[in-house]
Amino acid sequence: MRHHTTFRQLEIFEAIARLGSFTRAGEELHLTQPTISMQMKKLTDIVGTPLLEMVGKKVQLTDAGRELAQASREVFGILDRFTMSMAERQGLKKGRLKLMAITTASYFAPRLLGEFAKRHPGIEVSLKVTNREQVLASLADNLDDLYILGQPPEEIDVIAQPFMDNPLVVLAAPGHPLAGKKKIPLKRLAQEPWLMREPGSGTRKAIERLFAEHGLEIRPRLELGSNEAVKQAILAGLGISALSCHALALHQADQFAVLDAQGFPIQRHWYAVYPAGRQPSLVARAFIDFLLEQEKAVGGVSRGGEVWRAGKKAKKSTLTKTQMG
C-alpha cells in the first residue's frame, strides 16, 4: 500500500475522518467534491477494504478506517517534527506555523498572523477558524501548532498562555427598553429572551455560569451557530445576548446598545494553547512572544505573563516562561 498511496490521499482521508464530512474536508483543503470522491475511491481500491461508511448524513469510519486515520496522524506528526527540526536549525528564516482558532478570534487573529508573517517572510503560516468543538477535537489529536481559545479546556491537559483581555458584554438593539438604564440587575436580565451560541460554546458557558452563581437560569429563545447570526438576531429585536467585545470590531459604535448590567462585563482572556506533553516549536514560541509583545504595547493582559496549566489531571498553576519552553 505504501508504494501507491499518496500523501495527498492521506491528507484528504485524515480531514474527512476528523471533520466527519466530505464537504467540510473539501472546504478546508480547497478541493472540489468530485476530486475528494475520486481520491477516496482510489485510496479504498488500494487498501482493498472500505474505509468510510455513511450513517444517515454522517460519515463514519470503519475499523480499517480508524486504523488508517491513526496511522495518518502518526505520519503527519513525524513530518511536522522533521519540519520543526529543520526550522529550528535555520532559526526563523524558514518554517511553518499552523494555527487554529475559535470563530470569535476571526475578528483579530488574521491581522495578528499577518503582522507576524510580515516580520518573518520565510515562515509559511496557515489559519483555520471553526467552532470550539472542532478546535478541541484537533487539540486532542495534536494536529496544529497552536490554538486560540477564549477558555482553556478542562478535559485536555494543556498549557494555556493568556495574551489578551476578552471581556463579554451584554448587547441589545439600540431601541431596546433596557438601553440607557443603569446597573440593570441580573434578575431583570434573566427575564429577557436570550440569543445563545450552541451548547459547548465557551461564551455560553461563561454566561450560564454567572447566572447560576446567583441562583438564576436563562432560557434561550434561539440557539445560533455564529456570532454574526447572534448579532443579526439582536438587531432584528429577537432578544439580547452577551458576546466578546471583539465581536463589535467591524461595527459602528452606535449600532448596538451595550447594556450597563450587574456582573458584566465578564472578564475573560484569550489564550494561546498547546498540549502539555508537547514542546512548542521555535516558530510557535516566537508567535507566542509576538502575541505578548502586541498586547503589552496596548496595555497588557490583566494576568500579566502568567502561563496557566489546565486539564483534567492537572490543577491550575502558574508557570514561568522558562518552564513553558
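In the elastic network of the chain, a GNM with C-alpha springs shorter than 10 Å, the most mobile of Glu27, Glu295, Glu74 is Glu27. 3J(HN,Hα) along the stretch 266-280: 7, 7, 10, 9, 8, 10, 8, 10, 8, x, 5, x, 10, 7, x Hz, from the Karplus curve 6.51 cos²θ - 1.76 cosθ + 1.60 with θ = phi - 60°, whole Hz, x for Gly and Pro. Residues whose amide H falls under 5 Å from that of Arg96, counting only those 5 or more places apart or on a different chain, are Glu124, with hydrogens built in the peptide plane. Around the amide H of Arg268, modelled in the peptide plane, lie the amide H atoms of Asn166, Leu168, all under 5 Å away and 5 or more residues distant in sequence or on another chain. In the elastic network of the chain, a GNM with C-alpha springs shorter than 10 Å, the most mobile of Arg96, Arg24, Arg197 is Arg24.
The loop-placed trypsin sites (Lys or Arg not before Pro) in the stretch 53-82, going by DSSP, that have at most 16 neighbouring Cβ atoms within 10 Å of their Cβ come out as Lys57.
Here the chain is treated with +1 on each Lys and Arg Cβ and -1 on each Asp and Glu Cβ, and its dipole about the Cα centre works out to around 420 debye. Can you give the local net charge around Asp260? Use residues other than it whose beta-carbon is closer than 10 angstrom to its beta-carbon, Lys and Arg +1, Asp and Glu -1. Local net charge: +3.
Estimated purely from DSSP H runs of n ≥ 4, each contributing -39500 (n - 2.57), the mean residue ellipticity at 222 nm for the chain is -12000 deg cm²/dmol once divided by its residues. Backbone amide hydrogens, once placed in the peptide plane, bring Thr62 within less than 5 Å of Leu52, Glu53, excluding anything fewer than 5 places away on its chain. Each of Ile46, Thr35, Ala69 was placed along the dipole of the stretch 7-69 (beta-carbon charges, centred on the mean Cα), and the one lying farthest toward the positive end is Thr35. For the cross-link pairs Lys183/Lys205; Lys41/Lys94; Lys98/Lys118; Lys183/Lys231, the ones whose C-alpha atoms lie over 27 Å apart are Lys41/Lys94. Rounded to the nearest whole Hz, the Karplus-based 3J(HN,Hα) values (6.51 cos²θ - 1.76 cosθ + 1.60, θ = phi - 60°) of the stretch 199-205 follow the sequence x, x, 5, x, 4, 4, 4, with x at glycine and proline.
Reducing the stretch 123-176 and the stretch 1-69 to their Cα centroids gives an inter-centroid distance of 27 Å.
Since every read-out is calculated from the coordinates, none of them should be taken as a lab result. All of these numbers come straight from a predicted model, not from anything done at the bench. Glycine also receives a Cβ, built like all others from the backbone with ideal geometry; neighbour counts cover every protein chain displayed.
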